[in-house]
Structures are given as C-alpha cells and as structure tokens.
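Let me begin by presenting the structure, written as structure tokens, before commenting on it.
Derivation of every value follows stated rules applied to the coordinates shown; laboratory data play no part. The model shown is predicted, which means the values in this text are computed figures rather than measured ones.
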C-alpha cells in the first residue's frame with residue numbers, strides 16, 4: 001500500500017507496529033508490504049488444515065475463530081473485532097505449517113495481508129523492523145500458550161474431579 005499519515009496511524013493501532021510509532025520510514029516500509037483484501041460475510045479467511053504463508057491485520061469488520069471437535073463439529077473459539085486491532089495467522093510468518101483454526105468473516109471484513117516471503121525479505125533488509133514484528137509475534141504466541149495451559153489445567157482438574165466422584169459412587 002502507498003503510505004500516508006492516515007495509514008500510518010491505523011497501522012500503529014496494531015501491537016506489531018506500536019514500537020515503531022514516530023519512525024515514518026519503518027512504518028512506511030511495513031505499509032508497503034501490506035496488501036488490502038476484502039472478505040464477504042461467511043467467507044473463510046483462513047481454513048483449518050490448510051497451509052498458509054500470510055498473516056492478517058483485521059482493519060474492518062468482525063470475524064470468528066472456529067475450531068472443530070474430534071467428530072468434526074464446529075465450535076466458536078473467539079470473536080475478533082477490527083476495533084481491537086487484531087493480528088491473526090501470524091504463525092505463517094515463521095512457519096508454513098497448516099492452520100490450526102478457521103477464521104471466518106462474521107461481517108464483511110477488510111484485512112491487510114502480510115506475506116511470509118515479504119516479511120522475511122524485510123527482516124533481512126531492515127533487522128530493526130523485523131525484530132520489532134517478531135517480538136510482538138512471540139508475545140502473542142506466549143499469551144496464547146499461557147491461555148492454552150490454563151485451559152488444559154482446568155480440563156485436567158475437571159477430569160480428576162469426575163473420576164474421583166465416579167469412584168466414590170461405586
């Protein structure tokens with residue numbers, strides 16, 4: 001995208017760019033890599049099980065993070081809102097593994113797309129920018145891992161209580 005003050009301000013709302021606020025050259029370098037993409041309501045932006053090499057900054061609309069049970073039944077994991085300046089699909093900037101969830105546009109959505117090859121090339125050309133984005137991705141992943149650990153602990157505790165309760169009933 002062609003950088004301008006409005007786009008710089010919008011980009012700085014996202015955590016991956018906050019540390020770059022005030023450095024127009026770095027913000028512009030990142031903006032030049034981003035490509036806008038529109039998604040109609042009900043459209044999958046990313047699909048679980050498919051490989052991907054793009055991350056998405058949600059700039060307009062609302063999306064749902066959907067996962068599936070072992071029986072293939074969908075369930076809602078989270079709702080993403082552009083008001084929260086959400087980045088998703090960020091693992092694809094580091095690895096080309098398959099997507100771990102589906103992200104579906106709940107309303108019409110606009111995303112700014114960052115491709116892995118562009119991100120890696122930028123990291124080599126401008127290590128400060130690559131480092132800032134990578135640190136934010138690491139922070140996001142650490143937060144999600146902590147939430148997952150808490151969920152696993154709660155499930156384990158519920159299982160133990162169910163087993164102990166079942167033993168006492170016999």
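Here the gap between residue 106 and residue 15, fully extended at 0.36 nm per residue and compared with their Cα-Cα distance, gives a gain of 30.5 nm. Over the chain, the fraction of Cα-Cα pairs per 5 Å bin, rounded to whole percents and listed from the shortest bin up, is 1, 8, 15, 19, 18, 14, 9, 5, 4, 3, 2, 1, 1, 0, 0. Counting only DSSP H runs of at least 4 residues, each contributing -39500 (n - 2.57), and dividing by the residue count of the chain, the helix-based mean residue ellipticity at 222 nm comes to -14000 deg cm²/dmol.
To the nearest ten degrees, helix 24-33 and the longest principal axis of the Cα atoms of the chain are 70 degrees apart.
Any chance you could run the full-extension gain for residue 71 through residue 155? It's 0.36 nm times the residue separation minus the Cα-Cα distance, nm to one decimal.
28.4 nm
Principal semi-axes of the equivalent ellipsoid, √(5λ) from the alpha carbon gyration tensor of region 74-116, are 19, 15, 9 Å from largest down. Helix 116-125 axis versus longest C-alpha principal axis of the chain: approximately 50°, rounded to the nearest ten.
Would you please state the base-10 log of I(q)/I(0) at q = 0.18 1/Å for region 32-115, with intensities from the Debye formula using one equal scatterer on every alpha carbon? Log-scaled intensity ratios, in q order: -0.71. Relative to the dominant Cα principal axis of the chain, helix 127-168 is inclined by about 10°.
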